[in-house]
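I have placed the structure first, in the form of structure tokens, so that the comments after it can refer back to it.
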Amino acid sequence: AQKVTQAQTEISVVEKEDVTLDCVYETRDTTYYLFWYKQPPSGELVFLIRRNSFDEQNEISGRYSWNFQKSTSSFNFTITASQVVDSAVYFCALSEAYSGAGSYQLTFGKGTKLSVIP
Amino acid sequence: EAGVTQFPSHSVIEKGQTVTLRCDPISGHDNLYWYRRVMGKEIKFLLHFVKESKQDESGMPNNRFLAERTGGTYSTLKVQPAELEDSGVYFCASSQAGQEDTQYFGPGTRLTVL
């Protein structure tokens, strides 16, 4: 069965610092997708990125970057020059491309609460 | 374009009562998912609709939970009778055909059972 581990429960950084959120996953599938979601204080889960297991290229979007390494089963998320608006809970999630029941259910980690202090 | 909406945002009920949660997916999204986060735990999958059909309900905890999606539009999740352990945040998500795994979530309904 699949599993996602976010070992960092809470992180605090001072504004403008860089911060990396760790995500380690387990799956027996060779085809899978990895995701990051942001949950701001308002509560909704905001989709940030989807990464296919065959694409190990790192991705950068503004101040956000993602480092996918199959060799270590990790999909880490870095925020550069953090801002107060980045304060949120961040979830890493895994979807096996096709589960036995024909579903695309996501398996989530427990989340990492990031606090950016002004 | 409107996102996924959920109603109510909060619900406080007593043990043994019934509660119905509603989810309106993004217009045109055939896939609708329910998830739940119990305090201190991971967000867990409950079930998946494709249009009005239940594709996967392997995450439903027991028969006190009933989900429907009549007409393939909005969905309801009824808990009857509610127990203390049902407290948590219930999330709904939707995705479009062909991109089933890219799910867009609503704000959740916080359910408190006293």
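Selection of first residues in segment A:47-68 that are within 14 Å of another protein chain (Cβ to nearest Cβ) and over 20 Å from A:Thr27 (Cα atoms) and of second residues that are assigned to a strand (DSSP E or B) and of a type in the set (A, V, I, L, M, F, W, C), restricted to Cβ pairs under 6 Å at least 6 apart or on distinct chains, gives the following pairs, ordered by first then second residue: A:Leu48/A:Trp36. Just name the residue that is surrounded by the most Cβ atoms within 10 Å (Cβ to Cβ) out of those in segment B:22-58 that are over 23 Å from B:Glu85 (Cβ atoms) and in contact with an Asp or Glu (Cβ under 8 Å, 6 or more places away or on another chain). Restricting to residues being over 23 Å from B:Glu85 (Cβ atoms) and in contact with an Asp or Glu (Cβ under 8 Å, 6 or more places away or on another chain), the top hit is B:Asn31.
Total residues in segment B:12-32 satisfying the condition of being in a strand (DSSP E or B) and within 14 Å of the chain's Cα centre (by Cα): the figure is 8. Filter segment B:69-107 for residues that are surrounded by 14 or more Cβ atoms within 10 Å (Cβ to Cβ), within 14 Å of chain A (Cβ to nearest Cβ), in contact (Cβ under 8 Å) with a residue 60 or more places away in the chain and outside any strand (DSSP E or B) and give the result. Selection gives B:Gln96, B:Glu100, B:Gln103, B:Gly106, B:Pro107. With the condition kept exactly as written, say whether any residue in segment B:12-21 is hydrophobic (A, V, I, L, M, F, W, C) and loosely packed, with under 15 Cβ neighbours inside 10 Å. Yes, segment B:12-21 contains a residue that is hydrophobic (A, V, I, L, M, F, W, C) and loosely packed, with under 15 Cβ neighbours inside 10 Å.
The single condition from (1) within 12 Å of chain A (Cβ to nearest Cβ); (2) in contact (Cβ under 8 Å) with a residue 12 or more places away in the chain that B:Glu57 fails is (2). Just so you know, in segment A:87-109 the residues that are modelled with pLDDT under 80 and touching a Ser or Thr at 6+ places or on another chain (Cβ under 7 Å) include one that is farthest from the other protein chains (Cβ to nearest Cβ), and it is A:Ala97.
The values are calculated or read from the model by the stated rules, or taken from the named source; none is laboratory data. Computed from a predicted model, the values in this text were never measured in an experiment. Here the Cβ is made from the backbone with ideal geometry for all residues, glycine too, and neighbour counts use every protein chain on show.
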